[in-house]
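Engineer: Attaching a single structure in structure tokens format; questions to follow.
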Amino acid sequence: MVTTSRPVWENQSPAHICPFDQACSYLEWAAKELKLDSGLLEILSHPRKVVTVSIPVKMDNGEVRVLAGHRVQHSDILGPYKGGIRYHPAVTLREVSALAMLMTWKCALLGIPYGGAKGGIPIDPKKYSVGELERISRRYISELIKDIGPSVDIPAPDMGTSAREMAWMMDTYSVNVGHAVPGVVTGKPLSIGGSLGREMATGRGVMIVVREALADQGKSLADVKIAIQGFGNVGGAAAELLHQAGAKIIAVSGGAGGIYAENGLDIPAVKAYAAQNHRSVVGYPQATAISNADLLTLPCDVLIPAALENQITEENVDHIQARIVAEAANGPVTLEANRVLEARGVTVLPDILANAGGVVVSYLEWVQGLSYLFWDEEKVNREMENLMVNAYRKVIQQAQKRQVNLRLAAYTLGVGRVAQALNDRGLYP
Ligand code: GLU
């Protein structure tokens, strides 16, 4: 008898914290504050389109496997769908749907003319060869060919993907339509229309909002100790830029565990070590080993969770010692934990603001591509800095005006803009 693996859509997240329910609670919270019409809320709590494709892939040993590939398009009210593609074993349709919704609010908050989407394949990319990853990426995009495009839906890197995957995806799309279409993805290599500054962009955005929040408290980056959970695309870049700006980075971690040095880590040396050590910081000699969970509760001024969601929960929130938590990851602080932190006067810089640097420079990449005019890195960084600082200021003003915390302020701005546009456009038919 031939047995097959389970259908891909049965792969759902465990019931305890459903990321989509959590995203909907944030939306409802913002809708209540905005006194949003219930019909608008109903529309915004549903993704416009949910696609799951099967990706048959021939492995290097000749075996054929079928993977699931998701793309959830939450809203295109303000412009083309926009959002990354994640390769991670914990990817589920619910998680991708939640992240697609967050992208809608994030783009609206930043004032960039995009909607929100997200894609994902539940794999651990470290367990696949480069050839296998290329075949997976190409087949995934070819299955989605009718659903994406430079004015329809524009993917980008996310956890587990990078410029390399974007190049394969751009090439697959272009070959299928018969001409080069650089604008179909962002986060591409420079050689095919990528932007300077894109790789460090999410980390740079984190650095900017932390710097602004500290300045509002009369402090500077040189005065503080920072712990960062994660040392990948986002955590690694944030660590490097914050270190350059004079902050003491006392701990960083990756999937396999982390390292701690009370007087600060030499981040360039840690980076060089990780590059030689399968991207892991574990075993770095001038530091003490620490678990991902213990990193969160270290004595520090600023905590930056830059890995997965639901890291700071009711279970560990009482042990968090930082005075500023910057959500470099998506949804690393649960709603309940956020309430506890807020009651203790901790500043939580919400994800849709703190990690928006990536999509901001994706937007700048798209604009450069559409205008056939490419900028130097200084101009890219300057434009992104303006957009980030403006958004940060608007969130602070909204928090003061409505007497709410920063998360609700950011959400009311993002959700409010989309709701206004939806209202103005009206419902068809
Ligand atoms: N994956 C990043 C995010 O979640 C970037 C998305 C993009 O550049 O479109 O914001």
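Engineer: Summing Lys, Arg as +1 and Asp, Glu as -1, what charge do residues with Cβ under 11 Å from the Cβ of VAL302 carry, VAL302 excluded? Please report the intermediate quantities before stating the final value.
Structural biologist: Numbers: positive: ARG211, LYS219, LYS225, LYS248, ARG323; negative: ASP223, ASP301.
Here the charged neighbours net out to +3.
Engineer: Name the trypsin sites (Lys or Arg not before Pro) in segment 227-279 that are in a loop by DSSP and that have at most 16 other C-beta atoms within 10 Å, would you?
Structural biologist: For trypsin sites (Lys or Arg not before Pro) across segment 227-279 that sit outside H, G, I, E and B with at most 16 neighbouring Cβ atoms in 10 Å, the list reads ARG279.
Engineer: For segment 306-385, what is the relative contact order in percent, using Cα pairs closer than 8 Å and at least 6 residues apart in sequence?
Structural biologist: 27
Engineer: Next up: If each residue's Cβ is checked for other Cβ atoms within 10 Å, how do LEU242, LEU427 rank with the fewest at the top?
Structural biologist: Taking fewest neighbouring Cβ atoms as first place, the list is LEU427, LEU242.
Engineer: Could you work out the local net charge near ASP147, counting Lys and Arg as +1, Asp and Glu as -1, over the other residues with Cβ closer than 14 Å to its Cβ? Don't jump to the answer; show the numbers that get you there.
Structural biologist: Numbers: positive: ARG48, LYS49, ARG71, LYS82, LYS118, LYS146; negative: ASP76, GLU143, ASP153.
Summing Lys and Arg as +1 and Asp and Glu as -1 gives +3.
Engineer: Sorting VAL404, VAL418 on the 10 Å Cβ count, fewest up front, what's the list? Before the final figure, lay out each step's value.
Structural biologist: On the way: VAL404 18, VAL418 23.
The fewest-first ordering by Cβ neighbours comes to VAL404, VAL418.
Engineer: What is the extension gain from ASN61 to SER162, computed as 0.36 nm multiplied by their sequence separation minus the C-alpha to C-alpha distance, in nm to one decimal? Kindly include the intermediate steps, with their values, before the conclusion.
Structural biologist: On the way: separation 101, 0.36 × 101 = 36.36 nm, distance 2.52 nm.
So the extension gain works out to 33.8 nm.
Engineer: Restrict the search to segment 330-423; then list the chymotrypsin sites (Phe, Trp or Tyr not before Pro) that DSSP places in a loop and that have at most 16 other Cβ atoms within 10 Å of their Cβ. Mind dumping the intermediate values first?
Structural biologist: Working: sites: TYR363, TRP366, TYR372, PHE374, TRP375, TYR392, TYR411; in loops: TYR372, PHE374, TRP375.
Qualifying residues, ordered by number: TYR372, PHE374.
Engineer: Over the C-alpha atoms of segment 212-346, what are the Rg and the largest Cα-to-Cα span, Dmax, in Å?
Structural biologist: Values for segment 212-346 (Cα only, Rg and Dmax): 13.9, 43 Å.
Engineer: Something else now. Below 8 Å, C-alpha to C-alpha, sequence gap of six or more: please give me the relative contact order for segment 213-297 in percent.
Structural biologist: Taking the mean separation of contacting Cα pairs over the length of segment 213-297, I get 28 percent.
Engineer: Return the lysines within reach of LYS394: Cα separation strictly under 18 angstrom, same-chain partners fewer than 8 residues apart disregarded; answer none if there are no such residues.
Structural biologist: LYS106
Engineer: What three numbers, in Å, describe the spread of the alpha carbons of segment 178-278 along their principal axes, ordered from the longest?
Structural biologist: On the principal axes, segment 178-278 reaches 56, 37, 18 Å in Cα extent.
Engineer: What residue among GLY345, GLY236, GLY111 has the largest mean-square fluctuation in a Gaussian network model of the chain, using Cα springs under 10 Å?
Structural biologist: GLY345
Engineer: Tell me, rounded to the nearest percent, the portion of alpha carbon pairs in segment 54-194 spaced more than 19 Å apart.
Structural biologist: Taking all Cα-Cα pairs of segment 54-194, the fraction more than 19 Å apart is 48 percent.
Engineer: Same structure again: I need the helices of the chain that pass two filters: whole DSSP H segments spanning 15 Å or more by Cα along the axis, and mean Kyte-Doolittle score no lower than -1.0.
Structural biologist: 19-34, 93-110, 130-143, 163-177, 201-216, 357-371, 406-425
Engineer: If N is the number of residues in the chain, what value comes out of its Cα radius of gyration divided by 2.2 N^0.38 Å? All intermediate terms of the calculation are to be shown ahead of the outcome.
Structural biologist: Details: Rg = 20.7 Å, N = 429, 2.2 N^0.38 = 22.0 Å.
Cα-based Rg divided by the globular estimate yields 0.94.
Engineer: Scan the chain and hand back the longest stretch that contains none of the GluC sites (Glu not before Pro) lying in DSSP loops with at most 16 other Cβ atoms within 10 Å.
Structural biologist: Numbers: sites that count: GLU63, GLU262, GLU314, GLU315.
Answer - 64-261.
Engineer: Taking 27 Å as the cut-off for C-alpha to C-alpha distance, list the pairs among LYS118/LYS188; LYS32/LYS146; LYS82/LYS219; LYS126/LYS248 that go past it. The partial results should precede the final answer.
Structural biologist: On the way: LYS118/LYS188 17 Å; LYS32/LYS146 37 Å; LYS82/LYS219 35 Å; LYS126/LYS248 30 Å.
Where the Cα-Cα span goes over 27 Å, the pairs concerned are LYS32/LYS146; LYS82/LYS219; LYS126/LYS248.
Engineer: Same structure, new question: So what is the relative contact order of segment 272-426, in percent, for Cα pairs below 8 Å that sit 6 or more residues apart?
Structural biologist: 15
FYI, it's all coordinate maths here, none of it is from the lab. Model, not experiment: these values are computed from the prediction. Neighbour counts are summed over all protein chains in view; Cβ atoms, including those assigned to glycine, are modelled from backbone coordinates with ideal geometry.
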